[in-house]
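The values are calculated or read from the model by the stated rules, or taken from the named source; none is laboratory data. Since the model is a prediction, treat every value here as computed from it, not as a measurement. All Cβ positions, even for glycine, are placed from backbone atoms using ideal geometry, and neighbour counts span all protein chains on display.
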Amino acid sequence: MGRADGHDPGPSRAELERARDRTIPDVLPGPGDPPLRVLFCGINPGLLSAATGHHFARPGNRFWPVLHDSGFTPRLLRPGEQGELAGLGLGITNMAPRATARADELTDDELVAGGRRLRELVARHRPGWLAVVGIGAYRTAFGRRDARVGEQPDRLGDTGVWVLPNPSGLNAHWSRAAMAAEFGRLRGRAGEPGSGARG
């Protein structure tokens, strides 16, 4: 419930704790939406995402700003507007479905199982590109210990694989501008909505 001054304080600490281990639905195209150009894959939902049902919901997370900076979205979307992505040929899923306060609370077994689930999801929805945001999670889930950020040599059927930097505010190795440039490289390969472009 928002306050009288219009400022929404967000979920309480107790509400966040109750969200632990919760899952949130994927954002995927429905009937009438354009083909799925890029399926973005986060590591797993944070507690705020689990409490709100919105991917990349933490205020310090740079996913939504970088998505706009790189040209994937025509304006800066708020996490609560995630449903608009389907109309742009974009989707979101997670490597591991279980919500945690920190990604390092996940086990390697959970990430490997997430990699198997991801392969099944890609086979079902056939996106042009799978974009995994987080090199460590990708290396573990796909057994590619030497993988680097960027386009990967492996494909999943017809789907190209691209690893993007983790947009978490905790990832100090990547500036927002450098991150947007890497997202932009992928956008250049993925084409525009309705283009049907594949790698």
Original post:
Being touching a Lys or Arg at 6+ places or on another chain (Cβ under 8 Å), aromatic (Phe, Trp, Tyr), within 30 Å of Gly32 (Cα to Cα) and surrounded by 19 or more Cβ atoms within 10 Å (Cβ to Cβ), is that true of even one residue in the stretch 127-142?
Top reply: yes
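A quick yes/no check of all residues on (1) assigned to a helix (DSSP H, G or I); (2) loosely packed, with under 14 Cβ neighbours inside 10 Å; (3) modelled with pLDDT under 95; (4) among the β-branched types (Val, Ile, Thr):
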residue: Arg144; (1), (2), (3), (4): no, no, no, no
residue: Trp162; (1), (2), (3), (4): no, no, no, no
residue: Gly169; (1), (2), (3), (4): no, yes, yes, no
residue: Met179; (1), (2), (3), (4): yes, no, no, no
residue: Gly184; (1), (2), (3), (4): yes, no, no, no
Original post:
Does the stretch 142-187 hold any residues that are under 15 Å from Phe40 (Cα atoms) and aliphatic (A, V, I, L, M), and which are they?
Top reply: Val149, Leu156, Val161, Val163, Leu164, Met179, Ala180, Leu186
**OP:** Collect the residues in the stretch 68-101 that are closer than 19 Å to Asp33 by Cβ, of a type in the set (A, V, I, L, M, F, W, C) and crowded, with 23+ Cβ neighbours inside 10 Å, keeping them in residue-number order.
**Re:** Phe72, Leu85, Leu90, Ile92
Subject >> Among (1) touching a helix residue (DSSP H, G or I) at 6+ places or on another chain (Cβ under 9 Å); (2) of a type outside the set (Gly, Ala, Ser); (3) part of a strand (DSSP E or B); (4) touching a residue at least 24 places away in the same chain (Cβ under 8 Å), the one test that Leu111 misses >> reply: (3)
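Going by what's in this entry, would Pro35 be described as at pLDDT 90 or above, exposed (fewer than 10 other Cβ atoms within 10 Å of the Cβ) and under 21 Å from Ala123 (Cβ atoms)? First the steps, then the outcome.
On the way: at pLDDT 90 or above: yes; exposed (fewer than 10 other Cβ atoms within 10 Å of the Cβ): no; under 21 Å from Ala123 (Cβ atoms): yes.
It is false that Pro35 is at pLDDT 90 or above, exposed (fewer than 10 other Cβ atoms within 10 Å of the Cβ) and under 21 Å from Ala123 (Cβ atoms).
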